[in-house]
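Reviewing the structure listed below.
The values are calculated or read from the model by the stated rules, or taken from the named source; none is laboratory data. Owing to the predicted nature of the structure, the values given are computational and were not obtained by experimental measurement. Here the Cβ positions follow ideal geometry from the backbone for every residue, glycine too, while neighbour counts run over all protein chains shown. Note: accessible area is taken over every heavy atom of the protein model, side chains too, but ligands, DNA and RNA are not part of it. Shrake-Rupley method; radii C 1.70, N 1.55, O 1.52, S 1.80 Å.
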Amino acid sequence: MLSAKDGALGPFAYVMPALSKDGANAAFYSDTFRPDGVTRLKFAAMTLGTRDGAPFFHCHGLWTEADGRVNGGHMLPEETDVAETFEVNAFGIDGAVFTAERDGETNFKLFGPVPAAVSGAATTGRAFALRLRPNQDFAGSLEAFCRQHGIIRARLHGGVGSTIGARFTDGRMVVPFATELAVRSGSIAPGADGRLEADLDIALVDYLGGLAEGKLVRGDNPVLMTMELVLEVLGEGTAT
């Protein structure tokens, strides 16, 4: 998993979420946008994996185009190049890989974690590769997973997917249901009452072109198509 900010891209191509044209999917993609000049990355989250036996990535983010417009969406790997060197934060796992496979529920080819041969790379702790499915609550699913596995503290890495609109802790709402989302930061830890709480800071674009950033409400942000992430275990014990 990888996250990046302040990078420069060009050539650059992307799509935004859109309504389905034929009803075969709950939502779809827009036509391709190819902005002129160099695009300045504001933030992006990326899942690295394989598709059709070759390396591939799934990346959502926000950026500023050469004409000053701020947009966001789903980057197209085949048509996007790094224009200037920039730093990224990366987190690797050993023993699993994200692989794109046909998903009958959404009618898309989606990344999901599958077992892989252990390479013997040096590791610093335990981590779980996860994919959340449609209608699972984003925060609630992570909290439940941690309770089931005796995890009391964890950190998210990556975080690429979509939610059905969005509801933020400051009261704002994104009503258009189709979104492309990137997690800026995320953690799970006990709250004031001792129960696990997921803290999820995200950025998204909806199918009308609206942009939103902030922390998601727990228990009221279901996944639309998918949510890919890695959960790094920071503490173990009995969770409530």
**Message:** closer than 20 Å to Ser162 by Cβ, open to solvent by 70 Å² or more (accessible area, probe 1.4 Å) and part of a loop (DSSP other than H, G, I, E, B): is that true of Asp67 in this structure?
**Reply:** no
**Request:** Tally the residues that are at pLDDT 95 or above, open to solvent by 50 Å² or more (accessible area, probe 1.4 Å) and assigned to a strand (DSSP E or B), restricting the search to the stretch 190-240.
**Result:** 7
**Request:** Please state which of the following conditions Pro11 fails to meet, knowing it meets all the rest: (1) over 20 Å from the mean Cα position of the chain (by Cα); (2) closer than 28 Å to Pro113 by Cβ.
**Result:** (2)
**Close pairs (6 angstrom Cβ cut-off, 6 or more residues apart or separate chains): in a strand (DSSP E or B) in the stretch 146-158, hydroxyl-bearing (Ser, Thr, Tyr) and at pLDDT 95 or above anywhere** = Arg155/Ser187; Gly158/Thr47
**Asked** So which of Thr123, Thr99, Thr85, Thr50 ends up being more than 20 Å from the chain's Cα centre (by Cα), hydroxyl-bearing (Ser, Thr, Tyr) and surrounded by 11 or more Cβ atoms within 10 Å (Cβ to Cβ)?
**Response** Thr123
**Prompt:** For the stretch 151-189, which residues satisfy the criterion of being open to solvent by 20 Å² or more (accessible area, probe 1.4 Å) and in contact with a helix residue (DSSP H, G or I) (Cβ under 8 Å, 6 or more places away or on another chain)?
**Reply:** Ile152
**Prompt:** For Gly92, are the conditions met, namely being among the small types (Gly, Ala, Ser), touching a Lys or Arg at 6+ places or on another chain (Cβ under 7 Å) and closer than 24 Å to Ala203 by Cα?
**Reply:** no
